[in-house]
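So the structure is just underneath, and the comments pick up after that.
The values are calculated or read from the model by the stated rules, or taken from the named source; none is laboratory data. Predicted, not measured: the structure shown is a model, and the values here were computed from it. Heads up, the Cβs are rebuilt from the backbone with ideal geometry, glycines too, and the neighbour counts pull from every protein chain shown.
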Amino acid sequence: MSCKCSFPLLFSPLKFGDGLVSKNRLLSAPMGGSANYDGSFTTEGIAKFEQLAKGGVGIVCLGETLVHSKTGNNHGRVLRLDDPGIIPSLRRCTAGVHRHGALASIELIHPGRRADPVWTNGVTYGPSGGMCHFADGQHPVTELTQELIDEIVEAFGDAAEMAKYGDCDMVTVQGGHGWLLNQFLSPNTNQRTDRYGGSIENRSRIYIEIAENIRKKCGKGFGIDFRLSGSDFMENGATLEDVIELSKMLNDKVDMLHISAATFDDKRASQRMFPNMFLGPGANEFLAREIKKHVTVPVVTVGSHGDPWLMEEMLSKGEVDGFAMGRQLLADVDTPEKARTGREDDIILCTRCEECMSLNFIPYVKFALGGALCAVNPWNGVPKTPAAQGNLTVLVVGAGPAGMEAALGAAEGGHRVILCEKSDSFGGTLKAVWGPDFKANVKRFVEVLAKRIEKKDNIEVRFNTTVTPEYIKELDPDAVIIAIGAQPIRLDIPGAEKNKVILSTEILEKGLGDKVVFIGGGMAGCEEGIYAAKNQGKDVTIIEKTGAIASNAPFVHNLAIKIEFEKLPERLHVMTNSQVVEIRENGVIVENETGARSLVECDTVVMCVGMKPKAEEAESLHNLACYSRIVGDAKKAARMNEAVTDGYFAGYYVQEAEG
Ligand SMILES: Cc1cc2nc3c(=O)[nH]c(=O)nc-3n(C[C@H](O)[C@H](O)[C@H](O)COP(=O)(O)O)c2cc1C
């Protein structure tokens, strides 16, 4: 049977180095190493990397991995390629990757001034002195001596050699993102006056020495990939011009360049490192495209890739040679295989909600999760066990994300599922938030789930159906999963009954006037406000009771929102520590923390003050069958990840719960 692949370029082999061939143009970007404290791979990590290979990428990148933990260890639980103790677990890991025809790379890292002194005998090293972010910015950086630089260069080579023993096909040297090598490149962190400082040749020297050392120790057939930030996107940081020069110097010493962006040294720059939803797909591709003009080795781009149509188009223009995907593979690890086998319509695209990275973003969060949650993939980070099979009748009430997931979860166990929905379509409250273009992947998520549901013979969908206790009694199902969601909170303030006042869920349906006041500056209000101001040219004022906006957004997304606000100062206004005390014909009366009142003129007022679970209705449907669960927003109004996970597993484990 021939394969229905619509992406011939994406699935053409990528030849690089001395005889290395990736079966396609897709790589998994490094996303942490799944390490034990002794620096070896965890069993779950080994399974995760095999899963990435099974999902179809041509190259799986393992790691981050330390090369010289004595002088550079960022958080203790990191893979260590300076200890041969890693080799048995590394070999198990690479065997899993090779089993599915992928190549295994491993990311080599030295954190430099990002090394946590807790793990490095109290000393944090960098190209130059100064202070690093530990101890509230008061921890000194010790300048590396020539002797230590030599030791670190050798350590990169030794680590690569150990990786080769572990059956890796190549290494990915982390030369960007504000890690040690990038610290040498960036004038911001490199004020040396010796052969490592000043000119671009000097600031690039350590890259060249490392590339040469790896080649010397590993030979020609072993691949060397350098991960670079195409620009630091930071004042006094490395520029695209610097990186072009560096790339030209690396060109005949490495086999591939992998172009990311930005540095951890500037949290604003992180918006390019994990490109936010406002930046759109393929946000950093322009950097790779520019660098490719100056080198002959293949150039891979990373940053918000995942849509196979877009990637195929970029390849057709010859702009880049391949794509590394990070968050997309958390959202849907099977993205490549689905695209290769004509199932691209089933790919769930990452929504760039930043849930995954925010929870790991040291130093900006106090404790790293050490794993990643995904808003659209309940299985992310969870070892998959086969669903227990049964033949229960499962009634799912509500076809929002939690209900759709519950239906799919239960259907996997072979049960007969009846999915009832009050309205005439799928999506629940998500329907109200997917209006902005930067939320397009939320809409797609619902569409993909809808298609999956439609394909399942054992799911019957009943739209325009209100489930009552009587309905349940009559149907007499074995299990009921109540996913009826939440409703927007309506504030009781004078004037709230006026026509100009709408709820956050009514924006798409009722539209907005030219001057809009949002009451409530949580994540939802801010996103809608940005869209109204940026895309629709409205004059928007957000009035927030507390001192901060979007405080319920994941850290990286919270910052993204604030940056969007800064871009449109003339149309997006924020009043914090303020409350609307009255709504009048011509606007709203706002009281600030000092008690001073002012009029903000507007012709639409949107109440965006949160959602409350439909608790009473949910309770009335609860415990009317042997198995009964209230899930998602109906239980607790929360973020998408919680609704999706809660709903899916309520359905998936319905048989076990039944006993
Ligand atoms: C949870 C998570 C962990 C990451 N860990 C690493 C890492 O260990 N090393 C690294 O170089 N980049 C790391 N990254 C960055 C990714 O490799 C990638 O460059 C970034 O996520 C942008 O690509 P994407 O838009 O496809 O996600 C991580 C990203 C995420 C989301």
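Structure notes:
- Enumeration of residues in region 267-288 that are more than 10 Å from the ligand (Cβ to nearest atom) and either in a strand (DSSP E or B) or free of Cβ contacts under 8 Å to residues at least 60 places away in the same chain (or both): Ala269, Glu285, Phe286, Leu287, Ala288
- Breaking point among (1) under 28 Å from Asn213 (Cα atoms); (2) touching a residue at least 60 places away in the same chain (Cβ under 8 Å); (3) buried (at least 22 other Cβ atoms within 10 Å of the Cβ), for Phe41: (2)
- Filter pass, Ala618 being closer than 30 Å to Ala406 by Cα and assigned to a loop (DSSP other than H, G, I, E, B): no
- Boolean, Ala53 is at pLDDT 95 or above, within 25 Å of the chain's Cα centre (by Cα) and more than 16 Å from the ligand (Cβ to nearest atom): yes
- Residue selected from region 577-595 under the condition under 19 Å from Gly521 (Cβ atoms) and of a type in the set (Gly, Ala, Ser), by the criterion surrounded by the most Cβ atoms within 10 Å (Cβ to Cβ): Ser578
- Subset of region 325-357 that is within 9 Å of the ligand (Cβ to nearest atom), out of contact with any Phe, Trp or Tyr (no Cβ under 6 Å at 6 or more places or on another chain) and hydrophobic (A, V, I, L, M, F, W, C) - its residue that is nearest to Lys384 (Cα to Cα): Leu330
- Residue that is farthest from Val57 (Cα to Cα) [pool: residues in region 313-324 that are within 15 Å of the ligand (Cβ to nearest atom), aliphatic (A, V, I, L, M) and not in a loop (DSSP other than H, G, I, E, B)]: Met314
- If you go through region 289-312 and keep only what is of a type in the set (A, V, I, L, M, F, W, C) and either within 13 Å of the ligand (Cβ to nearest atom) or under 24 Å from Ile224 (Cα atoms) (or both), you end up with Ile291, Val295, Val297, Val299, Val300, Val302, Leu310, Met311.
- Of the residues making up region 94-102, none is within 15 Å of the ligand (Cβ to nearest atom) and in contact with a strand residue (DSSP E or B) (Cβ under 6 Å, 6 or more places away or on another chain).
- Segments classed as strands (runs of 3 or more DSSP E), wholly inside region 108-188, with at least 2 members that are away from the ligand (no atom under 15 Å from the Cβ): 124-126, 139-143
- The residue of region 305-331 that is surrounded by the most Cβ atoms within 10 Å (Cβ to Cβ), among those that are of a type in the set (Gly, Ala, Ser) and touching a Leu at 6+ places or on another chain (Cβ under 7 Å), is Gly322.
- Complete set of residues in region 225-249 that are among the aliphatic types (A, V, I, L, M), surrounded by 24 or more Cβ atoms within 10 Å (Cβ to Cβ) and farther than 19 Å from Met325 by Cα: Ala238, Val243, Leu246
- Filtered by the rule that a residue be over 20 Å from the mean Cα position of the chain (by Cα), touching a residue at least 60 places away in the same chain (Cβ under 8 Å) and closer than 30 Å to Lys15 by Cβ, region 59-80 gives Thr65, Val67.
- Of the residues in region 566-576, at least one is closer than 19 Å to Leu491 by Cα and either hydroxyl-bearing (Ser, Thr, Tyr) or surrounded by fewer than 22 Cβ atoms within 10 Å (Cβ to Cβ) (or both).
- Single residue of Ser12, Ser28, Ser22 found to be at pLDDT 95 or above and over 19 Å from Asp167 (Cα atoms): Ser12
- Single condition Asp334 does not satisfy, out of (1) surrounded by fewer than 24 Cβ atoms within 10 Å (Cβ to Cβ); (2) in contact with a Cys (Cβ under 6 Å, 6 or more places away or on another chain): (2)
- Flag if Tyr196 is among the aromatic types (Phe, Trp, Tyr), touching a Ser or Thr at 6+ places or on another chain (Cβ under 7 Å), away from the ligand (no atom under 16 Å from the Cβ) and touching a residue at least 24 places away in the same chain (Cβ under 8 Å): no
- When residues in region 556-591 are screened for being out of contact with any Ser or Thr (no Cβ under 6 Å at 6 or more places or on another chain) and either on the phi > 0 side of the Ramachandran plot or outside any loop (DSSP other than H, G, I, E, B) (or both), 25 of them pass.
- Flag for Ala479 being in contact with an Asp or Glu (Cβ under 6 Å, 6 or more places away or on another chain), under 22 Å from Ala643 (Cα atoms), modelled with pLDDT of 95 or more and not polar (S, T, N, Q): no
- Among residues of region 284-304, those that are surrounded by 22 or more Cβ atoms within 10 Å (Cβ to Cβ) and closer than 24 Å to Ile563 by Cβ, counted: 8
- Verdict on Asn641 being assigned to a loop (DSSP other than H, G, I, E, B) and surrounded by fewer than 22 Cβ atoms within 10 Å (Cβ to Cβ): no
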